[in-house]
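The structure appears below as C-alpha cells.
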Amino acid sequence: MTLARVDRRQRRSPARPGAAGLDDRKGLPALRRRQGRRSRLTALAFVAPLLAYLTAFYVYPLYRNLDLSLRDYTVRSFVAGDAPFSGLDNFRTVLDDPTFGPAMRHTMVFTLVSIVFQYAAGLALAVFFNRHFRLAPTLRALFLIPWLLPLIVSASTWSWMLNSESGVVNYALHLAGVAPVDWLTSPHWALTSVIIANIWIGIPFNLVILYSGLQNIPGELYEAASLDGASAWQQFRHITFPLLRPVSAITLLLGLVYTLKVFDLIWIMTKGGPGGASSTLATWSYQLGFGTLLPKFGPGAAVGNILILIALAFGLLYIRVQRRQEA
C-alpha cells in the first residue's frame, strides 16, 4: 500500500530535467558577489598598512603645514592650538619680504646647476662603466660611496676641505701658486661651494639609474651601427641618448625634487650665509620657523608650501610630457 502511494506521487510530479542546473545558476550571482567582496577585503588588508603610512607621514604633515600657513601662530598659540585664521596673509608677508627674491633665485641656480652637472657626470660615468672592463664593478662600487655616506658626514667633510685657513683645497691652490679662496665666507663663493658639494653627492644616484637604463638597450643595435660604420659619438647620439629618454626624464625629475628641498648640506656648510648669499627657500623656511627666539611659524610654513607647489608643478609637467610621448 505504501509503495503504491509513493509510485503514484512520482507519476503525478515527474522530475523536471535541468531543475538542479537552474537552481545552481540562480546561486551563481550571489556566489560571485561573495567572492568579489572577499577579494576586495583581502586587497584592502594588504593596502591598509601603506594607507596608514601615507596618512601618518605624508597626508597629516601636509595638512598641518597648510594649517600653519593659514593661521597666525605664535609660541603660545602653537602650544594651546587656538591660533586665529589669517587666510593668505602669511603668503603675502613672504612674497613682500626682500629676502624672497634672492632666496628664490639662489634656489633656482642651486637646483638647475646641480642637476645639470649631476646628470652629465652620471651619464658619462654610466657610459664608461657600460664597457664592462675588469675593474668596472669595483670602481662603480667606489663611486657609490658619496651616496651611501650620511649627509652630515659629507657636509662636514666638505666644510673642512673648503676651510679658508686649513682646508686641503686652498692648500692645493697654494702649491699651484694660486691665491687662497674664501670658499665658505665670501658672498661670491658661498653658493658655488654648496653647489660643488651637492653635485658630488648626487652623481652616484644618476650613475646608478642611468647605468640600469643602459642595461636595457639591446647590444644588437650597437653591433648593427658598428657594421654601418657609425662612430662612438654617432652611436651615443642616435642610439644611447634617445633610448635613455624615459630613464633620463625620471632621473632629472627625482633630482629636481630632491635638490629643491636640500637643507642640511647648506645649513652645515654656510647656514645660508654670509649675508644670505647662499640662502635658499629651504634654509629660509627653517630660519623663519626655528632660527630666531621669536619664531614665525606661519611664514615659515608658507615658504615650505611654496616649495611643495614648485615640486608639484614640475611633477605635473613630467606627467604631461610622458603622456605626450606615449601617445
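Tell me which of these Phe91 doesn't satisfy, since it passes every other one: (1) among the hydrophobic types (A, V, I, L, M, F, W, C); (2) over 16 Å from Leu307 (Cα atoms); (3) not assigned by TED's automatic domain parsing to the domain that holds Phe241.
Only one criterion in (1) among the hydrophobic types (A, V, I, L, M, F, W, C); (2) over 16 Å from Leu307 (Cα atoms); (3) not assigned by TED's automatic domain parsing to the domain that holds Phe241 is unmet by Phe91, namely (2).
Give the residue, chosen from Val47, Val79, that is within 30 Å of the chain's Cα centre (by Cα), over 14 Å from Gly289 (Cβ atoms), among the β-branched types (Val, Ile, Thr) and modelled with pLDDT under 90. If you could, list the steps in order and put the result at the bottom.
Working: Val79 fails: within 30 Å of the chain's Cα centre (by Cα).
Selected residue: Val47, the only one of Val47, Val79 that is within 30 Å of the chain's Cα centre (by Cα), over 14 Å from Gly289 (Cβ atoms), among the β-branched types (Val, Ile, Thr) and modelled with pLDDT under 90.
Out of the residues in the range 275-295 meeting the condition of being buried (at least 22 other Cβ atoms within 10 Å of the Cβ) and in a loop (DSSP other than H, G, I, E, B), tell me which one is nearest to the chain's Cα centre (by Cα).
Thr280
Select from the range 216-257 the residues that are farther than 29 Å from Val113 by Cβ and touching a residue at least 40 places away in the same chain (Cβ under 8 Å) and list them in ascending order.
Passing the criteria: none in range.
Among the numbered criteria (1) closer than 27 Å to Val262 by Cβ; (2) loosely packed, with under 15 Cβ neighbours inside 10 Å; (3) not basic (Lys, Arg), which one does Val79 miss?
Answer for Val79: the failing condition is (1).
For residues that are part of a loop (DSSP other than H, G, I, E, B) and of a type in the set (Gly, Ala, Ser), scanning just the range 167-210, find the one that is surrounded by the most Cβ atoms within 10 Å (Cβ to Cβ).
Gly167
Name the residue, out of Ser193, Ser164, Ser159, Ser114, that is closer than 24 Å to Ser212 by Cα and in contact (Cβ under 8 Å) with a residue 12 or more places away in the chain.
Just one listed residue meets the conditions, Ser114.
Output the helices (runs of 4 or more DSSP H) that fall wholly within the range 51-166 and possess 2 or more residues being more than 30 Å from Pro242 (Cα to Cα), or say none.
Of the helices (runs of 4 or more DSSP H) lying wholly inside the range 51-166, those with at least 2 residues that are more than 30 Å from Pro242 (Cα to Cα) span 60-69, 75-80, 89-96, 100-129, 151-161.
Show me the helices (runs of 4 or more DSSP H) entirely contained within the range 211-274 in which 2 or more residues are within 23 Å of the chain's Cα centre (by Cα).
Of the helices (runs of 4 or more DSSP H) lying wholly inside the range 211-274, those with at least 2 residues that are within 23 Å of the chain's Cα centre (by Cα) span 245-260, 264-269.
Say we look at the range 141-166 and pick out the residues that are of a type outside the set (A, V, I, L, M) and at pLDDT below 90; which of these is nearest to Asn130 (Cα to Cα)? Give the steps one after another, and end with the answer.
Step one: of the range 141-166, the residues of a type outside the set (A, V, I, L, M) are 143, 146-147, 150, 154, 156-160, 163-166.
Retained after the next criterion (residues that are at pLDDT below 90): 143, 146-147, 150, 164-166.
On the way: Phe143: 14, Pro146: 20, Trp147: 20, Pro150: 28, Ser164: 39, Glu165: 41, Ser166: 39 Å.
Per the criteria, the residue is Phe143.
Just one of Ile217, Ile239, Ile250 is touching a helix residue (DSSP H, G or I) at 6+ places or on another chain (Cβ under 9 Å) and closer than 28 Å to Ala313 by Cα; which is it?
Matching residue, one of Ile217, Ile239, Ile250: Ile250.
Which of the following residues is surrounded by 14 or more Cβ atoms within 10 Å (Cβ to Cβ) and in contact with a Leu (Cβ under 8 Å, 6 or more places away or on another chain): Phe110, Phe85, Phe100?
Matching residue, one of Phe110, Phe85, Phe100: Phe110.
Is there any pair with a first residue in the range 270-299 that is under 24 Å from Ala83 (Cβ atoms) and a second that is among the small types (Gly, Ala, Ser) and surrounded by fewer than 20 Cβ atoms within 10 Å (Cβ to Cβ) whose Cβ atoms are under 7 Å apart and which are 6 or more apart or on different chains, and what are they?
Going by the 7 Å Cβ cut-off, the qualifying pairs are Pro295/Gly289; Lys296/Gly289; Phe297/Gly289; Gly298/Ser86.
The values are calculated or read from the model by the stated rules, or taken from the named source; none is laboratory data. From a predicted model like this one, the values you see are computed outputs, not experimental measurements. No Cβ is skipped: glycine too gets one built from the backbone with ideal geometry, and neighbour counts run over all protein chains shown.
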